[in-house]
Amino acid sequence: MIRLAFASVLLASAAVVTAQVPNGNSAPQPVPFTTTIPDPVDQPYPGTIALNVDATDVARGIFRVNETIPVAKAGPMTLLYPAWLPGNHAARGQIEKLAGLVIKANGRTIPWTRDPVDVYAFHIDVPAGASAIEASFQFISATKADQGRITMTPEMLSLQPNSVSLYPAGYFTRQIPVKMTVKYPAGWTASGAIPAKVSGSTYSYDRANYEVLVDSPILAGRYGKTWQLTPRVSLAVYADTPDELAATPAQIDAHKRLVEQSAKAFASQHYDKYTFLLSISDNLGGIGLEHHRSSENGVTPGYFTKWEEGPGRRNLLPHEFSHSWNGKFRRGADSWTPDFRTPMRNSLLWVYEGQTQFWGYVLQARSGMVSKQDTLDQLAAIAALYDSQPARQWRDLIDTTNDPIISARRPKGWTSWQRSEDYYNEGLLVWLEVDSTLRQLSGGKKSIDDFAKAFFGVRDGDWGDLTYTFDDVVATLNAVQPHDWRTLLTQRLTEHGKGAPLSGFERNGYRLVYTADAPPSFRHGEKTRKVADLTYSGGFVVGAGGEITSVTWGSPAFDAGLTLGTTIVSVGGMAYSDDRLKAAIAAAKDSKTPVQMWVKKGERYRQVSLDWQGGLRYPRLEKIGTGEAGLDRLLAPR
């Protein structure tokens, strides 16, 4: 049991306390406390929890829960609401949305008390003679985006079992059996990783341990369709309207190739079956969250119907699918926890997320989900962004693994200087360097595919958790190709400096360049985000209505005093438009005259001069030399 207590000698006498008071002012001492929440133990829980969820109130977004929890003895007991959830990398359980909690035993209400330190814990006293307790409550899901992600609409819902359940403290969650039943609106269907018996609109799910249950979300809706991609992998899609389900055979074939190419890359399948849960909606909140035998993927309309317009969000499924191997089966030892109360440590997220980000782009190209050229252009955008971010001068990559806890993924004013969760994309650059180094040292005989097979391609079919340390990563790389990997990785994780680590591109046959014309994938990104992205053309991004949504620290836009929330009213004396702004920036390259703008922030107007004569600049990857390069081989299908 974790005990946090202060010695009573701190309050030995009033005379001592008075003597320590500076300048005669009041100076209190801390109040001693001891936690009574038991530590988790790896032993079976005595009985199976019955979890019943009514998910029919889609008009008001309310999940109603009744939970019967067997108990073996009378006395103190603690119920926990999940806090630290895999994939969130922080204590992000939505305890604020739990309401109406009533606990009964033998038909009588028993009082509960919230723990004064851990607000996710509820203490009760089980009365003598009780064989079970019954907890009822509601999960009040968001009805507006400012309340959190919207998980229930009149057309579909996203049910995460962690949001609609309590579990007994004192046990590894893998030792707590649960049988869940969910009632959905009439006429709806539901999809998820756990099999269920269906009676009308009620799904009775097979018994699973609580760890597996929490890792098995459900997507349900009025309009849904499922494609069997392989005997073990399916794609379950739900949409606001039936027309969004009109996938072509070629589009489904691309998803099939994603599964096939992933299995070849990782030389294993760590699931008995796997379900892509994909929502296509303007109303349900978007999401990308990994699970071992499924993934939650939420995109806006057009995923199938606007396929030819650009890559859109098609990188999402390759990324989340890669997590079944990296992050779920193989997980950093300090990220794995026995329950959802124990804090996670994120030091290896540059592997967990960084390498998954790497594989997401590689597999989208190998499968044809996204073309090779669009993938190269997207990688160029990542390289350019991190090459332009000055925050690397003071904050290293490894420190960004703390960002999910530090910032809780809230918006930031100066991301280019504060940094964010850069272990994703800068981590990608590190793993691209690893691949290029393996190729160079081995004369082209070894690559990151060999690392993937050695690291992930073990215990085929095992969908437990196999943890690793930094030393394990280094040892696996050394077994593939001897090198001082420890020094290289440590340097990339801890270095400070200007510019991003781009040697992985150059050693693999490409260099980062800038041109006056934006690549198609860049233009498509601007269109879908509804922005004019001038990050490399003065250092700012302009959103809808001329409102500035990003400014790079130390850039000409920064020097001009532009900030987030400022609205550009006019450019060169004419009303603002994206095209006018881009034309003015292009013209300034020849005229060497700053771009003149009027801007508005609140009720204040002012004129600013954007002193940038570099013209329009958009990142691309340019091939070095001729013939097939390492990056070409990396992105080629297997």
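A few points about this structure:
- Distance in nm between pseudo-label sites at Asp206 and Lys530 (7 Å out along the Cβ direction from Cα): 4.4
- The residues Thr153, Thr226, sorted by heavy-atom accessible surface at 1.4 Å with ligands and nucleic acids left out, run Thr226, Thr153 from largest to smallest.
- Order by protection proxy (mean Cβ within 10 Å, highest first), peptides 239-252, 606-619, 361-374, 28-41: 361-374, 606-619, 239-252, 28-41
- Report summary: the helix-based calculation at 222 nm, which adds -39500 (n - 2.57) for every DSSP H run with n ≥ 4 and divides by the residues of the chain, gives -7500 deg cm²/dmol.
- Cα centroid separation - segment 240-258 against segment 574-596, whole Å: 42
- A straight Cα-to-Cα reach below 17 Å connects Lys582 with the aspartates and glutamates Asp517, Glu526, Asp533, Glu547, Asp590, Asp611, residues fewer than 8 places away in its own chain not being considered.
- Note on segment 278-345 and segment 505-537: Cα centroid distance 25 Å, given to the nearest whole angstrom.
- Averaging Cα coordinates gives a centre for segment 601-632 and one for segment 372-418; these two points are 16 Å apart.
- Given Lys445/Lys623; Lys73/Lys273; Lys328/Lys623; Lys498/Lys589; Lys372/Lys589; Lys306/Lys498, the pairs whose alpha carbons are separated by over 27 Å: Lys73/Lys273; Lys328/Lys623; Lys372/Lys589; Lys306/Lys498
- Charged neighbours of Leu51, selected by a Cβ distance under 9 Å, balance to 0 (K, R count +1; D, E count -1).
- Value of relative contact order over the chain, rounded to a whole percent, pairs C-alpha under 8 Å and six or more apart: 10
- Local electrostatic count at Ala588 - Lys and Arg +1, Asp and Glu -1, tallied over other residues with Cβ under 12 Å: +1
- Spatial extent of the chain: Rg and Dmax, with the Cα atoms as the point set, Å: 27.2, 88
- Summing Lys and Arg as +1 and Asp and Glu as -1 over all other residues whose Cβ lies under 15 Å from the Cβ of Lys197 gives a net charge of +2.
- Prolate/oblate/rounded label for segment 68-112 (Cα gyration tensor, a/c 1.5): prolate
The values are calculated or read from the model by the stated rules, or taken from the named source; none is laboratory data. Predicted model only: the values in this text are computed from it and were never measured. Glycine gets a Cβ as well: all are built from the backbone with ideal geometry, and neighbour counts include every protein chain shown. Side chains included, ligands, DNA and RNA excluded: accessible areas come from the protein's heavy atoms. Shrake-Rupley method; radii C 1.70, N 1.55, O 1.52, S 1.80 Å.
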